[in-house]
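Chemist: To start, I am sharing the structure in question, which I have written as structure tokens.
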Amino acid sequence: MAFTNSSVPFFRHDRPAEVIADGKRLDGRDNEEFRTLFLNCGTISQASGSSYVELGSTKVMVGVYGPRQSDRWMKYSEQGSLDCDVRLATFATRQRGRPIQTQLEKELSAQLETALSASVLLHTFPKAVLDVQCLVLEAGGSVLAAVIAAATLALADASIELRDLVSAASVSRVQGIQLLDPTAEEEYREEAGLVLSFMPCLNQITSLTSHGVWSKDELRDAVELAMGACEEIDAALRDQLVQNASQRRDPPVLDEDDNENA
Amino acid sequence: MGVAAVEQPPCLGKCVVPGEPIASLPETGTVRVGGGVQQAGRSLIAVKAGVVQQGPGDSLWVCNRQKRYIPNLNDAVVGDVVFCRVEEAARDLDPVLTCMDTAGKAAGFGPLKGGTLFQVSTSHARTLASGPPFLAALGRSLKFELAVGANGRVWVDAPGPANLALVARLARQAEELDAAGAVAAVKEALASGLR
């Protein structure tokens, strides 16, 4: 029997019709401002390296396993191989997802591998395979950018040799205005979008994925905007890794009343 | 000139991150490059996240908490039952182990009977192998035997299962504490009463 009561909404909230009102974004950010970034390393204890990243409402967890022996049917190779797997949890999207890997997930996996393979020193683990498993817990916009940043953090946590940290940012063009780090609602209303992944120390772009129609000037502006954001995200990644590397838990200092003094 | 061209480089003890330059190559002389460091043009950059340290033979390397072990010459390692030394280590071949030291004597290598085996990160194994003060403090009150491998595996033996569990627990916990904290933990454990 079908639900015929039309007053019960199918979705709890409708998608907003306008994402830019009076030149301002819905969440009050500037056009060139990205959302709050939260980073954490060593989230999964069984993994060689792992990380958890929150970019606004987008939440991604990555585990790096290996390098371990590759399957016997794979031929001998002087270089190691990178096996990236991105999954969206079924509750990650607005509508319940499917448990099997969808086309979007396959595309994200391929894009992640392109972004990372320029940085990972594959010749340091010949004949072995490195598994990078990403789980997107909530897809709130800029999913690929968050996944790339999280994967870099997890690889560094696993002590995989990297040429440089790879950070990524995404830009959407809505009504002609370029927005950095779009939310899911902004991405839904975009005319064109791109995701750039960048290695700031080496000053090299590792991947650029764009969709929609871009003029030459618009593309240049968007790429520069994304590169600037990547530098800031890279600084945050560095801080997190330095904090992780130098962490040492000292025993708490107690005063005479047995209260902890910071 | 020679190997000591980079004497006490200012970057020692600095926390580095992949892509960060560590030092630039001097005009003359040689510089030994260790694990986690790569040459890029005229400078050395880190390829791992960790602390820059100077190893044997004035080499620069990046130390970090790593679960995976990379064989190095002359490291003492603990296998499932055997304490041995790495004789040959090449990237594409399995490492060759031996139970004799360079002079051909047994020197404490060989099969280990009894006790318990557990795993720690490679950097903590190095700390344990260098004889930290908390082990000396423990040894004054308790009899135990300890074999530490550079591959992160630690073998402990002590009379009585309670003592064995205690030594193993303290050796593991010491990774999270600094030197003074580890000694304090040992004192506390001994004071709480052990047969």
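Chemist: Among DSSP bridges having both ends in region B:15-63, what percentage is antiparallel? Round to the nearest 5.
Modeler: Taking every DSSP beta bridge with both residues in region B:15-63, the antiparallel ones total about 90 percent.
Chemist: Check A:Glu161: other-chain or 5+ apart residues with amide H under 5 Å from its amide H, H built from backbone geometry?
Modeler: Those lying under 5 Å, H to H, from A:Glu161 are A:Leu121.
Chemist: What is the local net charge at A:Ser142, summed over the other residues whose Cβ is closer than 9 Å to its Cβ (Lys, Arg +1; Asp, Glu -1)?
Modeler: Once positives and negatives cancel, what remains is -1.
Chemist: Over the C-alpha atoms of region B:15-63, what are the Rg and the largest Cα-to-Cα span, Dmax, in Å?
Modeler: In order Rg, Dmax, the Cα atoms of region B:15-63 give 9.9, 28 Å.
Chemist: Hey, how much of the P(r) for region A:17-68 falls beyond 19 Å, as a percent of Cα pairs?
Modeler: 49
Chemist: When the expected Rg is taken as 2.2 N^0.38 Å, what fraction or multiple of it is the alpha-carbon Rg of region A:87-218?
Modeler: It is 1.11.
Chemist: Can you tell me how region A:79-136 classifies by the Cα gyration tensor, rounded, prolate or oblate, using a/c under 1.5 as the rounded cut?
Modeler: Prolate, since a/c reaches 1.5 and a/b exceeds b/c.
Chemist: Have a look at the DSSP beta bridges in chain A and tell me what percent are antiparallel, nearest 5.
Modeler: Antiparallel bridges make up about 85 percent of those DSSP assigns within chain A.
Chemist: Still on this structure, please answer the following. At a 10 angstrom cut-off on C-beta neighbours, averaged per residue, how do the peptides A:128-135, A:208-215 rank from highest to lowest?
Modeler: Values: A:128-135: 20.9, A:208-215: 13.6.
So the peptides A:128-135, A:208-215, ranked by packing, come out A:128-135, A:208-215.
Chemist: What is the diffusion coefficient of chain A in µm²/s, taking the Kirkwood radius over Cα pairs and the Stokes-Einstein relation at 25 °C with a viscosity of 0.890 mPa s?
Modeler: My calculation gives 122 µm²/s for D.
Chemist: I've got another one for you. Given DSSP loops and a limit of at most 10 other Cβ atoms within 10 Å, what is the longest stretch of chain A that contains no such GluC sites (Glu not before Pro)?
Modeler: Details: sites that count: A:Glu78, A:Glu256.
Counting only loop sites that pass the neighbour cut-off, the longest clear stretch is A:79-255.
Chemist: Now for a different question. If you restrict to DSSP beta bridges whose two residues both lie in the protein assembly as shown, what percentage is antiparallel, to the nearest 5?
Modeler: Roughly 90 percent of the beta bridges in the protein assembly as shown run antiparallel, per DSSP.
Chemist: In whole Hz, with x marking every Gly and Pro, tabulate ³J(HN,Hα) for region B:172-187 from phi via Karplus 6.51 cos²θ - 1.76 cosθ + 1.60, θ = phi - 60°.
Modeler: Once θ is set to phi - 60°, the couplings for region B:172-187 become 6, 5, 4, 5, 7, 10, 8, 4, 5, x, 5, 4, 5, 5, 5, 4 Hz.
Chemist: Report, largest value first, the span of the C-alpha coordinates of the protein assembly as shown along each principal axis, in whole Å.
Modeler: If we take the Cα atoms of the protein assembly as shown, the spans are 80, 61, 55 Å.
A short reminder: the numbers here are calculations on the coordinates, not readings from a lab. Predicted, not measured: the structure shown is a model, and the values here were computed from it. FYI the Cβ positions are ideal-geometry reconstructions off the backbone, even for glycines, and counts take in every protein chain you see.
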